[in-house]
1. Somewhere in the stretch 466-475, is a residue part of a loop (DSSP other than H, G, I, E, B), in the same structural domain as Val431 (by TED's automatic domain parsing) and over 37 Å from the mean Cα position of the chain (by Cα)?
2. Read through the list (1) small (Gly, Ala, Ser); (2) modelled with pLDDT under 90; (3) outside any loop (DSSP other than H, G, I, E, B), then give the number of the only condition that Gly504 fails.
3. May I ask you to verify whether Ala242 is in the same structural domain as Arg81 (by TED's automatic domain parsing) and either at pLDDT 90 or above or in contact with a helix residue (DSSP H, G or I) (Cβ under 7 Å, 6 or more places away or on another chain) (or both)?
4. Among the residues of the stretch 529-536, are any in a helix (DSSP H, G or I) and of a type in the set (A, V, I, L, M, F, W, C)?
5. List pairs: first residue in the stretch 209-236 and of a type in the set (S, T, N, Q), second residue part of a loop (DSSP other than H, G, I, E, B) and surrounded by 17 or more Cβ atoms within 10 Å (Cβ to Cβ) anywhere in the structure, Cβ distance under 8 angstrom, at least six positions apart or on different chains.
6. Of all residues in the stretch 85-109, which are closer than 26 Å to Asp157 by Cβ and of a type in the set (Ser, Thr, Tyr)?
7. When you go through Pro110, Pro55 one by one, which is the residue that is in contact with a helix residue (DSSP H, G or I) (Cβ under 8 Å, 6 or more places away or on another chain), in a loop (DSSP other than H, G, I, E, B), at pLDDT below 90 and not assigned by TED's automatic domain parsing to the domain that holds Leu34?
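The values are calculated or read from the model by the stated rules, or taken from the named source; none is laboratory data. This is a predicted model, so every value here is computed, not measured. Neighbour counts are summed over all protein chains in view; Cβ atoms, including those assigned to glycine, are modelled from backbone coordinates with ideal geometry.
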Amino acid sequence: MGVEVGAVESTSVENGDEGVVLDLEVTANRPDLLGIIGVAREVAAISGRTLTLPPAPIREAEQTIDALTSVDVQDARGCPRYCARLITDVEVGPSPPWLARRLELVGMRPLNNVVDITNYVLMEYGQPLHPFDFDELIEKRIVVRRARPGEQIVTIDDVERTLTSDLLVIADAERPVALAGIMGGRETEIKPKTRNVLLESALFDPVVIRRGSKALKLETEASFRFERGGDPEAVISAIDRAAALIEELAGGTVVRGRIDCHPLPRPENVIVIRQAKVNQILGIDLTAGETARLLERLGFRVTDTASAPDGTMSVVVPSFRRDISREIDLVEEAGRLYGYANIPSRHRVREFVPARREREDKETQRLCELLVAQGCLEVISYSFIDPRKIDLLNLGPDDERRSTIRLRNPLSEELSVLRTSLIPGLLRAAVTNQHRRADNLRLFEIGKVFFSQGTDELPLERVRLGVLLMGVCDAPFWGRDPAPVGFYDLKGLIEGVLDGLRIGGCEIVPGDDPLYAPGQSAHLELDGEVIGSFGELASSVVRAFDLAGPVYVLDADVEGLIRRAGEVRLYEKITRYPAAVRDVAFVVEESIPVGDLLDGIREAAGNHLERIQVFDVYRGEQLPTGSKSVAFSLSFRAADRTLTDEEIDAASAAVVDLLRERWGAAVRGATPA
């Protein structure tokens, strides 16, 4: 049915009789249930009874409405239908007790008989109405148009509002007199002295009303309904009902006829439904006639049942059911009215075919698992961030991470632009944890970032990996002092991830991104392409985000990693021959990267070099100024035999010769020749 009973309250209505107030929770796809008649229509269908609509007898005057006023709809998309009636010689006063009491029971404050009647009909039909003081309309006519930039209106809540061209307004010959579908204006509201009333009943575009309501931060009973879509036929029924009540309760005279501007009539919605499909989906055996009768009880009109031997029917959807657009919708309607409890349970055995996962999905999942295996916790942050957070990252003026995309209607300034980096989200998570005394963090996030490419182009989307480390490496232990997280802890984590993804050949080169502390950052390069950067955040960034202690982060391109991930890990038989280890320390200039020395050693040592490890870096008085000593442990092994001392010495000598020739390296402790 699209509605749940939230509460049932017993109360007294007129004449002291006991009544019941139902608090209904209506789903967004059923705006037809936002009025008593819509709910009664459902109850009639379920119970098999006939729906009786309230009477609307009108005694019209001889004079016609076209001679007294006019309506000009200048925005047909924003207002597909506008209907007006004119009631003269009205006596504005208090509503009768029964009317006032019923409005109070649904949470409305009685004002006067004319306004109360429009609210009463709103609750009956779910169709908003608005009464204007006809004598206050300049040139006695209505214009439906977009607001002119800078126009102002004082609404009935006594708030002066400045309008933009996105807003739809109801105007007279010169000025706006109401915010279409949202709220009326103070100048033309019904007052005790009002004698002539122009009654409005219209259909407005849901998107236009939604945007206007959000832009003005103004939600009303009318906007709530128009945002969900209205019934174009209820426009007539509701205005006639209201006019009849005003004539009865306010002593007015209804001018003959009504103005009905319908520039964009909605075509009839006809859906073909197959009886075989109904039975297949519901698991029951209904005839075409039984299905037709179920749908007709709900207000649908069924045709072609007799001429279709296969049970195919054409169903005309009533105007109040905007949620019905496909055959499956009609099957659901027939099923719920038939009663889901009446459908027998059947157990069907089907072969389970697992869904195929694309390689990108598999590798992304493997990346997550590798990070979790190294003690990291995944976080998921908003794609919307505060633009001021980007300014706190020390980025240069031309950095692409400043190319943010601003939302047209953000929830708040703190969530007003699409993120260009995962780092602000990780830092926000770190702040939240640190405020809760969780200081030792290993966090990661995989998510999209967005870059502006100009107003005429779609944003550029990339999938990035962000990692954050701070605090200490291990949990506190009485046997040793905890070591703080450092640059090489993050570097080791990255190397472990690369190894798990079976990515080789990654070069780590010094970086100069202002996001990081000077001399404490590096780039990841694969095949000459920079796929990420990592290092210690600049102290100014750490302070700006109100964090304590050094923070180390990684920002990498997930697509670049996955594109190079290896499919198969190759295994080798464990050799039974022993390894031979040689330790050697080289004195080189301070400016020479250790990574270059490692590459040179691998190049010179030959195929028998199994492992190489840096075990010491020394700087001190015993070395020349501007120099450093780097000590390496080289492990040699052959798979088919034990290496001889001559072979190992030759490989070691080749390493010494290459490093001396290329970088001027000297073996530490060696006697000059």
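1. Scanning the stretch 466-475, I find at least one residue that is part of a loop (DSSP other than H, G, I, E, B), in the same structural domain as Val431 (by TED's automatic domain parsing) and over 37 Å from the mean Cα position of the chain (by Cα), so the answer is yes.
2. Evaluating Gly504 over (1) small (Gly, Ala, Ser); (2) modelled with pLDDT under 90; (3) outside any loop (DSSP other than H, G, I, E, B) leaves (3) as the failure.
3. The answer is yes for Ala242.
4. no
5. Short answer, once both residue conditions are applied: Ser213/Ile182; Ser213/Thr220; Ser213/Glu227; Thr220/Ile182; Ser223/Gly181; Ser223/Ile182.
6. Ser95
7. Pro55
Table: residues versus (1) of a type in the set (S, T, N, Q); (2) outside the structural domain of Gln453 (by TED's automatic domain parsing); (3) farther than 30 Å from Ala276 by Cβ.
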position	(1), (2), (3)
Thr312	yes, yes, no
Pro318	no, yes, no
Ile343	no, yes, no
Leu367	no, no, yes
Cys376	no, no, yes
Pro387	no, no, yes
Pro410	no, no, yes
Ser416	yes, no, yes
Leu426	no, no, yes
